[in-house]
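First comes the structure, then the notes that go with it.
The values are calculated or read from the model by the stated rules, or taken from the named source; none is laboratory data. On a predicted model such as this, the values are computed, not experimentally measured, just so you know. Positions of Cβ are backbone-derived with ideal geometry, glycine not excepted, and every protein chain shown enters the neighbour counts.
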Amino acid sequence: MMSEKKGVQDVVSITGNSSRVSRGLSEVKNATQMIITNLQKKVAELEKQNEKLQNELEQTAKHAMIDHLTGCYNHLFVERIMKQRVFEKKRNKESWGLIIFDIDHFKAINDAYGHPCGDQVLVNVTQMFREVARQSDYIVRHGGDEFLIFMLNLGEEDVKPLAQRYKNSISAVQTDQADCKLSVTVSFGVCFVPSDSSMELDLVIKYADEALYRAKSAGRNCICFHDRRKVGERSGFFDDRRK
């Protein structure tokens, strides 16, 4: 009898120990699952915060490449984006073009009407240009009243009509405010880059700027094209300023 009783006690003891072990394992499992769940929540929260921060950084970067007055791109956009785009055009042997333009007699406008009026003129002109720009055109404020227009998808036969399109739009620009009622004209220098060209961006800007200088020397309110066949010579096409 004593032996049987002891055997029963041993079984009960083992069963009790097993039950406690099971409860312990269950508690550990539950605690582990809770830790995993909390970690997953933390990871999800961190991912959301990281996504928000990334979006804010992207917006800040984009904002840094925009000219605050005109809403056009600025020189940082050229450095960070356009140089790569131009390199890709060169690598893929694709033609493109560049316009440099500025407002005729802009200093005189500032002197006569004040800088707020001059600023409004810049806003009005660039707003009109953005309205007539193609999707593949990028307008950049290069400094002061000088702007660049990158024309990325461009054949040689498109250069003159597109430049004329920008110039013609100026006739619709009127600055009409209390102390600032005037219309303006714009001079353009254009450089076309053929698909077989090895020109770097700095050289393209230089040639377009030289064409702009010739346009101003010719009396302003006109377009002058750089002629790559006559580098260094006074060459280029001047449009009819009566238009």
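Remarks
- Residue pairs whose Cβ atoms lie under 7 Å apart, separated by 6 or more positions or on different chains, with the first residue in the range 122-139 and touching a residue at least 12 places away in the same chain (Cβ under 8 Å) and more than 16 Å from Ile99 (Cα to Cα) and the second among the charged types (D, E, K, R) and surrounded by 14 or more Cβ atoms within 10 Å (Cβ to Cβ), are Leu122/Asp145.
- Of the residues making up the range 179-210, those that are more than 23 Å from the chain's Cα centre (by Cα) and farther than 30 Å from Gly114 by Cβ are Pro194, Ser195, Asp196, Ser197, Ser198, Tyr207, Glu210.
- Answer from Asp196, Asp176, Asp158 - the residue that is farther than 23 Å from Asn110 by Cα and loosely packed, with under 15 Cβ neighbours inside 10 Å: Asp196
- Scanning the range 68-111 for residues that are among the hydrophobic types (A, V, I, L, M, F, W, C) and assigned to a loop (DSSP other than H, G, I, E, B) gives Leu69, Cys72.
- Test: Phe147 is aromatic (Phe, Trp, Tyr), closer than 19 Å to Cys224 by Cα, under 16 Å from the mean Cα position of the chain (by Cα) and surrounded by 15 or more Cβ atoms within 10 Å (Cβ to Cβ): yes
- Hits in the range 180-194 (condition: more than 20 Å from Leu148 (Cα to Cα) and of a type in the set (Ser, Thr, Tyr)): Ser183
- Residue list for the range 155-179, filter: of a type in the set (S, T, N, Q) and free of Cβ contacts under 8 Å to residues at least 60 places away in the same chain: Ser169, Ser171, Gln174, Thr175
- Matching residues in the range 1-56 - criterion: being at pLDDT below 80, of a type in the set (A, V, I, L, M, F, W, C) and within 57 Å of the chain's Cα centre (by Cα): Val28, Leu46, Leu53
- Comparison of Ser169, Ser187, Ser197 shows that the only residue that is at pLDDT 90 or above and farther than 21 Å from Phe129 by Cβ is Ser197.
- Subset of the range 90-104 (residues that are more than 19 Å from Thr70 (Cα to Cα) and touching a residue at least 60 places away in the same chain (Cβ under 8 Å)): Lys90, Lys93, Glu94, Ser95, Trp96, Gly97, Leu98
- Condition check for Arg130: surrounded by fewer than 20 Cβ atoms within 10 Å (Cβ to Cβ) and part of a loop (DSSP other than H, G, I, E, B): no
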